[in-house]
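Right, one structure below, let's go through it.
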Amino acid sequence: MSDHAAAHEAPTSTGIDHKKLIMWLFLASDCMFFGTLISTHLLYRKLFPAGFTDAEGHQRFIQDLFSIELTSFSTFILLMSSFLMALAVSAMHKGQLKSFRRNVLGVIIFGLIFLGCQVFEFTHFYHKGLTIQNSVLGSTFYVLTGTHGTHVAIGVLWLILLYFYSFTGKLGGHMGALDVEVAGLYWHFVDIVWIIIFTAVYLVEYLGPYGIWGSGLPAVVK
Amino acid sequence: MSSSHEAAPSKAFLAEEVRRYHHFIVLALWLAVVTGAEIVLIYLPLPTAVIFTVLTLMSAGKFFAVILWFMHLIYDKRLLFWCFLAGLVLAFATYAALLCLFSADRIDTRWFA
C-alpha cells in the first residue's frame, strides 16, 4: 500500500471503504460470470468450428461476417473511454468538478459510440443470417457480446446519473470522489472484459485461413 | 452520495494525483499501440501457435495494466487485489474444467446438432 492510500485510510476494520470493497467483490463475481460465458463460447467454437448455416442453406464462416476494422475501432473507443474515466476519477480526487464533468461526458459519448457499433454489428450479422437460434455460434456469440453490451449500457446510464447529480452540489468531498471511483471501477471492468473478448472471440478467428478453430474442420467443409 | 467527512486535499495528495495523471496518459498511449500491434500481428505470416501466444500475452498485459493503474490496484490495499484475483482464478478454472470435461476429441458432437 502506498503512502497516498495510507493517508486516506477508511475508518473500517479493513481500512477499505465498504462501497469500494463491495464493488471489488461484485467485480470478482462478475469475472466468474463472464468467465463462464467466454468459456462456453470458446468451447463450442472448438466443438463446432464450421460456423453456421444461413437462411439459404449455405455454410458460412464467421470470418465472412466479422469486420476487424469496426471491432478495432470500438475497442479503441472503449480503451480511450477507460482513460477518460481514470482522468474523471483523478479530477474528483482533486476536487475539480468541471474537469470531472468534461471527462465523464467524454466517457458517456464514447460508451454510446461503442453501443452504436455493437447495434450496427448485430444488425449486420442478423441480415447476413446469423441469429441467436440458428446455430450454437449465434447463441454463444450474441449472449456473450450482448451481456457485455448490457453492462456497457448500465455503465453509461450510471455515468449519466452521476453527471447530472454533480450539478446538484451534493457530489463533493471524499464521499463524492468515492462514488465516482466506484463507478469508475465498474467502467474499467467493462473495458477489461472487452480486452479479453476482442482477443478470444474476434482476433483468433483471423489466425490461419479458417481461424484458430478451423484446424478441426473436415476437409469437405474447407 | 453525501459529503460527510470533507477535508481539503493535502499538497502531497495533489502531487501524487498529478504523478498518476502522467501515468494514465502513458498507459493510454501504450494500450492504443498494443491494440494496433495486435491487429497487425494477425496478418503476419507467422505460425498460428506463435501469433496466438503473443496475442494472449498482449491481451493479458493490457488486462493487468488496466486493473493495476486505471483501477488503482497498484495503489490500493492488497486485499482488493486478492479478492479480484480469486474471481479471476475461478473464471480460468471454469474454462479449464469445461475444456477437460468436453474435450472435442472425445465427444460425439452429433448429439448437439
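Coordinate-derived values only; no laboratory data. Since this is a predicted model, take the numbers as computed values, not measurements. Neighbour counts are summed over all protein chains in view; Cβ atoms, including those assigned to glycine, are modelled from backbone coordinates with ideal geometry.
Data for the structure
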| quantity | calculated |
| --- | --- |
| On Cα atoms only, tilt of A:136-165 relative to the major axis of chain A in degrees | 20 degrees |
| Fewest-first ranking of B:CYS100, A:CYS31, A:CYS117, using other Cβ atoms within 10 Å as the exposure measure | B:CYS100, A:CYS117, A:CYS31 |
| Placed amide H near B:LEU46: partners under 5 Å, 5+ positions off or other chain | none |
| Computed helical MRE - 222 nm, chain A, DSSP H runs ≥ 4 contributing -39500 (n - 2.57), nearest 500 | -23500 deg cm²/dmol |
| Gain in span if fully extended, A:SER29 to A:TYR165, counting 0.36 nm per residue against the direct Cα distance | 46.1 nm |
| Chain A: mean projected area of Cα convex hull, nm² | 13.9 nm² |
| Average partner coverage of B:48-55, which counts Cβ from other chains inside 10 Å | 4 |
| Degrees separating the helix A:68-93 axis from the principal Cα axis of chain A, which is the longest one | 10 degrees |
| Residue-count net charge about A:THR14 - beta-carbon cut-off 13 Å; Lys, Arg +1, Asp, Glu -1 | +1 |
| Largest-first principal axis extents of the Cα set of segment A:117-214 (Å) | 56, 25, 18 |
| Whole-angstrom Cα spans of segment A:67-126 along principal axes, big to small | 46, 15, 10 |
| Too-long pairs where the Cα-Cα distance tops 23 Å, listed order kept, from B:LYS11/B:LYS62; A:LYS98/B:LYS77; A:LYS94/B:LYS77; A:LYS98/A:LYS170; A:LYS20/A:LYS170; A:LYS19/B:LYS11 | B:LYS11/B:LYS62; A:LYS98/B:LYS77; A:LYS19/B:LYS11 |
| In order through segment B:13-30: 3J(HN,Hα) via Karplus (6.51 cos²θ - 1.76 cosθ + 1.60), integer Hz, x for Gly, Pro | 4, 5, 4, 5, 5, 5, 4, 5, 3, 5, 4, 4, 5, 4, 5, 4, 5, 4 |
| Folded to 0 to 90 degrees: helix A:18-47 orientation relative to chain A principal axis, Cα | 10 degrees |
| Rounded to the nearest 20 debye, dipole of the protein assembly as shown from Cβ charges on Lys, Arg, Asp, Glu | 240 debye |
| Backbone N under 14 Å from the A:LEU112 label point (7 Å along Cα→Cβ), restricted to segment A:142-160 | A:153, A:156-160 |
